[in-house]
Amino acid sequence: MELARKAQAAVAEYTQEQIDEVCLAVGWEVYRDDNIAKLAKMAVEESQFGNVESKIIKHKRKVGGVLQDVKGAISVGLIERDEEKGISKYAKPVGVICAILPATNPTATAGGKAVGMLKCRNAVIFKPSSRARECTIEAVNMMREGLKKVGAPVDLIQVLEDPGREAAAELMHLSDLIVATGSGAVVRAAYSSGTPAYGVGQGNAVTIVAEDANIAEAASMIRGSKVFDYATSCSSENAVIAVEAVYDQFMQDMQANHCYLVQGEDREKLKNHMWKVNAKGKLALNQDVIAKSAAVIAEGAGITIPEGTDILLVEGVEPIKSDKFYDEKISPVLTIYKARDFQHAYALLSELTWLVGRGHSCGIHTYKREYIEYLGLHMKSSRITVRQPMSAGNGGHAFNRMPSTATLGCGTWGGNITTENVHWRHFMNVTWVNEPVAPYSFTDEEMWGDFWKKYGK
């Protein structure tokens, strides 16, 4: 912490040009092909989550996305001036940030976070997951090499190597801000530390396929999103609701896209393998299925599937809570529900989201404005992703303009302080300078006249 504060003080007066060079230098080290191939391989071998090809793409997407977001953005000095209101806003660093990383995405998250935090002239100390410690340390070492290239203090980026809870608690306590990406327990620990914190809620996105959707396109997007990194992303579709008019066609297209429908006794075997009683005596998701391939999951469940199968499909039933497949899966196992029409689909979407993904996100494949606007008005989700693969679209992508991040706020619905994608703009303090302007005034008649006419004084 002493090293971090010293390094942060050294860059607190950097110009915009200087700090932008720092961001480019650090970003390059976790974007260049040779480095990210090494990090992806290390992450998969150490954590046993996901696959190398997807993790390489994640680095390109997440680090590249943040660099695109911060390119040309003002994060030093005067960032906004409103002459009419006499308000000027000046950016200031937060200080030292504690960034808690998930085991499912330990290196790309570190890279993206570092660039965004450095953009605002902060220092960051990463707290890695205990099952992804070595690959995170390697990513940090690479980024420190980038700092050396531009003559910036290397201790702007550090990693807490002590895996103990006491060390993590002390780091959170001493930091100026915490950004927690990980399990509910991690987020709760951040919130209870006494330090301001951004945390995220549970993911488990659900999407609707409406009757007017391009079914082949929707199936292709959903399949690609779900299989990506074996569904480690919090935005990976946990369930799909297809309306009755297109349900059969959608299922055919999914099965033509390397998905296999698990039915009958095999469905029961899969369920019993997916959820097991844990050491605390509670029925919980089996750790042996998390972010594993469909083939590994099927073998563990004792069921036979066609070679080349990427996703295991199961048909959902109502009432939703009567069947465990509504629950969080974090694996290429996808539950498909049939809805009578859009309103029935919305009812299923609301219930599923409230059960296992409060406030996080939902999606819809449709061209009907009334459907999109209905979800926008009524759905208690922080983001609604339209005609896109959700694991890519929610956290920002070249095909949309969502802020690029791996930390997705879920609002008060999910127990978070913000509904936004937590990105570089959240890593600065802003000073408001207000100067006197012509005072405003109003009469009682101007303010309440119409109200009095309707209700009386």
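The values are calculated or read from the model by the stated rules, or taken from the named source; none is laboratory data. Note that the coordinates shown come from a computational prediction; the quantities given were computed from them, not determined experimentally. Methodologically, a virtual Cβ is constructed for each residue, glycine included, from the backbone with ideal geometry; neighbour enumeration extends over all protein chains shown. Heavy atoms of the whole protein, side chains included, go into the accessibility calculation; ligands, DNA and RNA do not. Shrake-Rupley method; radii C 1.70, N 1.55, O 1.52, S 1.80 Å.
For the reader, a short list of remarks on this structure follows.
- Subset of region 423-446 [part of a helix (DSSP H, G or I) and open to solvent by less than 100 Å² (accessible area, probe 1.4 Å)]: Trp424, His426, Phe427, Asp444
- Subset of region 336-358 [open to solvent by less than 40 Å² (accessible area, probe 1.4 Å), of a type outside the set (A, V, I, L, M, F, W, C) and not in a helix (DSSP H, G or I)]: Tyr337, Gly357
- Of everything in region 91-149 that is of a type in the set (Ser, Thr, Tyr) and without any contact (Cβ under 8 Å) to a residue 60 or more places away in the chain, the residue that is surrounded by the most Cβ atoms within 10 Å (Cβ to Cβ) is Thr136.
- Under the condition of being in contact with a helix residue (DSSP H, G or I) (Cβ under 6 Å, 6 or more places away or on another chain), free of Cβ contacts under 8 Å to residues at least 60 places away in the same chain and open to solvent by 10 Å² or more (accessible area, probe 1.4 Å), the residues counted in region 216-236 number 1.
- Every condition in (1) open to solvent by 10 Å² or more (accessible area, probe 1.4 Å); (2) of a type in the set (S, T, N, Q); (3) modelled with pLDDT of 95 or more holds for Gln202 except the one numbered (3).
- Note on region 246-284: residues that are within 15 Å of Gly316 (Cβ to Cβ) and assigned to a helix (DSSP H, G or I) amount to 9.
- In the set (1) crowded, with 16+ Cβ neighbours inside 10 Å; (2) under 19 Å from Ser225 (Cα atoms), the condition left unmet by Met42 is number (2).
- Scanning region 362-384 for residues that are part of a helix (DSSP H, G or I) and within 24 Å of Val422 (Cβ to Cβ) yields Leu375, Gly376.
- Test: residue in region 293-304 that is part of a loop (DSSP other than H, G, I, E, B) and under 16 Å from Ala231 (Cα atoms): yes
- Lone unmet requirement of (1) more than 18 Å from the chain's Cα centre (by Cα); (2) surrounded by 16 or more Cβ atoms within 10 Å (Cβ to Cβ); (3) over 27 Å from Pro196 (Cβ atoms) for Lys85: (2)
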